[in-house]
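Here the structure comes first, spelled out in structure tokens, and everything after it is commentary.
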Amino acid sequence: MWWPLRSRRDRDRSSAGLRKLADACGVRLGCAVSARGLDADPAYRETLASAFNLVTPENALKFGPLRPTPDTFSFGEADAIVAFAQEQRMEVRGHTLLWHKMNPSWLKPENFTRGELAAVLERHIKRVVTHYKGVIRTWDVVNEAIGGTGTLRPSPWLEGLGPEYVTQAFRWAHEADPGARLFYNDYGADGLNRKSDAIHAFLEELVAENVPIHGVGLQMHVTLGSEPAKKDVAANMARFAELGLEVQVTEMDVACIGRPTRKMLRRQARVYEEMLEAVLGCDSATAFIVWGLTDAHSWIPYTFPGKGWPLLFDEEYQPKPAYWAVRDALASETRG
Ligand code: G3I
């Protein structure tokens, strides 16, 4: 590849620098991971542990993977990720207790009465949060509940339990671990727009009702060329902070349409830098998490063929301009 990097030794040293800089800035710098990635490749483990101070399981804590049958909890993959993180003294962020996607086929509202479905969700949340109590201190409790029109989107939970499912989920998670930081997480609501307005209004109501919610996750899945403006992201973070909420960038990637040119990579780097600067500039923003380790591990090419190359490292674990931009932003914060 043609971005500047000389040897494996340089890479290791520079990655270690990234994690150290994040620690020095007091920012959680995280990465979504899979147990398969950890298992398969020493370079995956080394790069991860030297560049980041936090991991979040990309899929292993979702309802489907955890619950192959109504009576089974399948913690193996998530436990492996947690064990790795503990070994490497990294924090673990929990994603996600409840979503409209990646649910098991047995989870159909028509198979349950309302009371039964409520019991399924309560048992799930309490068992999972308790399993990781004291280890996973931050959870996405509810993921992507609001649709593009600003109302609750169709999901088995909405259909089976009504709109109260959101409040109930937060209360059950809080009962299981009163010390955990509980988040609402969504995409397409990073800057100022109709969806972020709707999420802000929704969370304002939850806060007013004393629902135990402590933070909002801005996923930040963006496509190069249609990324939000830094000032809008900063203003969005500020208004959530005014509600007393912590803010985290939870799933950042910057997809390129077609194999990127040098110019596109420089532009991509700038987007990462600006979004990280927004985090560093907001006292209530505490984490900056990327959605995958290298371009080879991203969900984007599989979901949107022709798009991709969205992360900080290329397919060969080489740092890209975006990596250096993140490093520079952290370094100026440390100096400032
Ligand atoms: O593990 C199975 C494998 O056994 C099987 O052979 C293969 C065949 O399709 O599928 C594998 O599972 C896939 C899984 O990723 C693990 O790779 C699923 O099909 C695939 O749907 C799943 O995609 C994940 C997606 O969420 C689920 O909708 C992506 O990896 C993951 O990056 C993505 O993450 C979401 C966040 O949770 C929420 N925000 C949006 C973000 C991107 O969509």
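The values are calculated or read from the model by the stated rules, or taken from the named source; none is laboratory data. Please read these numbers as outputs of a predicted model, since none were measured by experiment. Here the Cβ is made from the backbone with ideal geometry for all residues, glycine too, and neighbour counts use every protein chain on show.
Scan the stretch 103-112 for residues that are away from the ligand (no atom under 16 Å from the Cβ) and either closer than 12 Å to Trp157 by Cα or in contact with a Leu (Cβ under 9 Å, 6 or more places away or on another chain) (or both) and jot them down.
Step one: of the stretch 103-112, the residues away from the ligand (no atom under 16 Å from the Cβ) are 106, 108-112.
Residues satisfying the conditions are Lys108, Pro109, Glu110, Asn111, Phe112.
Give me the residue from the stretch 293-336 that is within 24 Å of Ile81 (Cβ to Cβ), among the aromatic types (Phe, Trp, Tyr) and part of a loop (DSSP other than H, G, I, E, B) and, out of that set, nearest to the ligand (Cβ to nearest atom).
So, considering only residues that are within 24 Å of Ile81 (Cβ to Cβ), among the aromatic types (Phe, Trp, Tyr) and part of a loop (DSSP other than H, G, I, E, B), the one nearest to the ligand (Cβ to nearest atom) is Trp299.
The conditions are (1) surrounded by fewer than 22 Cβ atoms within 10 Å (Cβ to Cβ); (2) at pLDDT 95 or above, and Gly150 fails exactly one of them. Which is it?
(2)
Scan the stretch 44-53 and give yes if some residue there is modelled with pLDDT of 95 or more and within 13 Å of the ligand (Cβ to nearest atom), otherwise no.
Within the stretch 44-53, none of the residues are modelled with pLDDT of 95 or more and within 13 Å of the ligand (Cβ to nearest atom).
Just to check your reading of the model, which residue among Val129, Val141, Val135 is under 18 Å from the mean Cα position of the chain (by Cα), surrounded by fewer than 20 Cβ atoms within 10 Å (Cβ to Cβ) and aliphatic (A, V, I, L, M)?
Val135
Scan the stretch 163-180 residue by residue and report those that are surrounded by 20 or more Cβ atoms within 10 Å (Cβ to Cβ) and more than 20 Å from Val120 (Cα to Cα).
Ala180 - this is the single residue of the stretch 163-180 that is surrounded by 20 or more Cβ atoms within 10 Å (Cβ to Cβ) and more than 20 Å from Val120 (Cα to Cα).
Looking for something in contact with a Gly (Cβ under 7 Å, 6 or more places away or on another chain) and within 12 Å of the ligand (Cβ to nearest atom) - is there at least one such residue anywhere in the stretch 65-72?
No, that holds for no residue.
Which members of the stretch 150-161 meet the condition of being in contact with a helix residue (DSSP H, G or I) (Cβ under 8 Å, 6 or more places away or on another chain) and not aliphatic (A, V, I, L, M)?
Selection gives Gly150, Thr151, Pro156, Trp157, Glu159, Gly160.
Report every pair of residues separated by at least 6 positions or lying on different chains whose Cβ atoms are under 7 Å apart, first residue within the stretch 22-39 and under 20 Å from Gly217 (Cα atoms), second away from the ligand (no atom under 13 Å from the Cβ) and of a type in the set (Gly, Ala, Ser).
Correct list of pairs: Val27/Ala287; Arg28/Ala287; Leu29/Ala22; Gly30/Ala287.
Check Val254, Val233, Val249, Val271 and return the single one that is at pLDDT 95 or above and touching a Pro at 6+ places or on another chain (Cβ under 6 Å). If you could, list the steps in order and put the result at the bottom.
On the way: Val233 fails: touching a Pro at 6+ places or on another chain (Cβ under 6 Å); Val249 fails: touching a Pro at 6+ places or on another chain (Cβ under 6 Å); Val271 fails: touching a Pro at 6+ places or on another chain (Cβ under 6 Å).
None of the other options fit; the residue is Val254.
Could you list all residues from the stretch 54-64 that are touching a Leu at 6+ places or on another chain (Cβ under 8 Å), under 27 Å from Glu277 (Cα atoms) and either more than 16 Å from the ligand (Cβ to nearest atom) or in contact (Cβ under 8 Å) with a residue 60 or more places away in the chain (or both)?
Leu54 - this is the single residue of the stretch 54-64 that is touching a Leu at 6+ places or on another chain (Cβ under 8 Å), under 27 Å from Glu277 (Cα atoms) and either more than 16 Å from the ligand (Cβ to nearest atom) or in contact (Cβ under 8 Å) with a residue 60 or more places away in the chain (or both).
Taking the stated definitions as given, is Gly160 on the phi > 0 side of the Ramachandran plot and either more than 16 Å from the ligand (Cβ to nearest atom) or surrounded by 21 or more Cβ atoms within 10 Å (Cβ to Cβ) (or both)?
Values: on the phi > 0 side of the Ramachandran plot: no; either more than 16 Å from the ligand (Cβ to nearest atom) or surrounded by 21 or more Cβ atoms within 10 Å (Cβ to Cβ) (or both): yes.
So Gly160 fails the test.
Suppose we filter Leu192, Leu265 for residues that are farther than 28 Å from Glu91 by Cβ and buried (at least 19 other Cβ atoms within 10 Å of the Cβ); which single one remains?
Of the residues listed, the single one that is farther than 28 Å from Glu91 by Cβ and buried (at least 19 other Cβ atoms within 10 Å of the Cβ) is Leu265.
Within the stretch 113-126, is there a residue that is more than 15 Å from the ligand (Cβ to nearest atom), among the hydroxyl-bearing types (Ser, Thr, Tyr) and not in a helix (DSSP H, G or I)? Please lay out each step first, then the result.
Narrowing the stretch 113-126 to residues more than 15 Å from the ligand (Cβ to nearest atom): 113-126.
Then keep just the ones that are among the hydroxyl-bearing types (Ser, Thr, Tyr); that gives 113.
Of the ones still in play, those that are also not in a helix (DSSP H, G or I) are 113.
Yes: one or more hits.
Of all residues in the stretch 274-292 being in contact with a Pro (Cβ under 9 Å, 6 or more places away or on another chain) and hydrophobic (A, V, I, L, M, F, W, C), which is surrounded by the most Cβ atoms within 10 Å (Cβ to Cβ)?
Val290
Just the residues that are buried (at least 24 other Cβ atoms within 10 Å of the Cβ) and within 27 Å of Tyr165 (Cα to Cα), please, taken from the stretch 211-248.
Within the stretch 211-248, Ile213, Gly215, Val216, Gly217, Leu218, Met220, Asn236, Met237, Phe240, Val247, Gln248 meet the criteria.
What are the residues in the stretch 241-269 that are in a strand (DSSP E or B) and in contact (Cβ under 8 Å) with a residue 60 or more places away in the chain, if any?
Glu246, Gln248, Thr250, Glu251, Val254
Which one is farthest from the ligand (Cβ to nearest atom) among residues in the stretch 73-102 that are surrounded by fewer than 20 Cβ atoms within 10 Å (Cβ to Cβ) and in a loop (DSSP other than H, G, I, E, B)?
If we take residues in the stretch 73-102 being surrounded by fewer than 20 Cβ atoms within 10 Å (Cβ to Cβ) and in a loop (DSSP other than H, G, I, E, B), then Arg89 is farthest from the ligand (Cβ to nearest atom).
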